[in-house]
């Protein structure tokens, strides 16, 4: 049976997180490179308490950044206190197993608890799955 745990990322998670970022380079819709996202990106997100991981039996299988960096603040829509989701990714060997749904459900619950009333998702135009 799978044992999933959703939590904030820690500095010691960075090598595993960067491996996930790099494992997704070249997959359909992914515009990431070896230069972005990287170790510094992960450090920035951890410093801002905005990087989250989903573990299965202590191994990180999915990552996501959830923050209010206001990169999409010019969008016209109704929520008064939205947050933004960036850099979401599931380890390729764990894709098509419902892992994306599990991390999204955890993110939705977390942002509700923090008082956000909407989530803006920053994705590439070529990422049809997103």
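Checked against (1) part of a strand (DSSP E or B); (2) at pLDDT below 90, residue 88 passes all but a single condition, namely (2).
Looking at region 1-67, what strands (runs of 3 or more DSSP E) fall wholly within it and have at least 2 residues that are touching a strand residue (DSSP E or B) at 6+ places or on another chain (Cβ under 7 Å), exposed (fewer than 14 other Cβ atoms within 10 Å of the Cβ) and touching a residue at least 24 places away in the same chain (Cβ under 8 Å)?
Working: elements: 4-8, 51-56, 59-67.
Once the strands (runs of 3 or more DSSP E) in region 1-67 are filtered for at least 2 residues that are touching a strand residue (DSSP E or B) at 6+ places or on another chain (Cβ under 7 Å), exposed (fewer than 14 other Cβ atoms within 10 Å of the Cβ) and touching a residue at least 24 places away in the same chain (Cβ under 8 Å), what remains is 4-8.
Can you tell me which residues in region 98-108 are over 18 Å from residue 80 (Cβ atoms) and within 14 Å of the chain's Cα centre (by Cα)? Across region 98-108, the qualifying residues are 99, 100, 101, 102, 103, 104, 105, 106, 107. Close Cβ contacts (under 8 Å, 6 or more residues apart or on different chains) running from residues in region 84-101 that are without any contact (Cβ under 8 Å) to a residue 40 or more places away in the chain and on the phi > 0 side of the Ramachandran plot to residues that are assigned to a strand (DSSP E or B) and exposed (fewer than 14 other Cβ atoms within 10 Å of the Cβ) are absent.
The values are calculated or read from the model by the stated rules, or taken from the named source; none is laboratory data. Given the structure is predicted, the values throughout are model-derived calculations rather than measurements. Because the Cβ atoms are built from the backbone with ideal geometry, glycine has one as well, and the counts that use them run over all protein chains shown.
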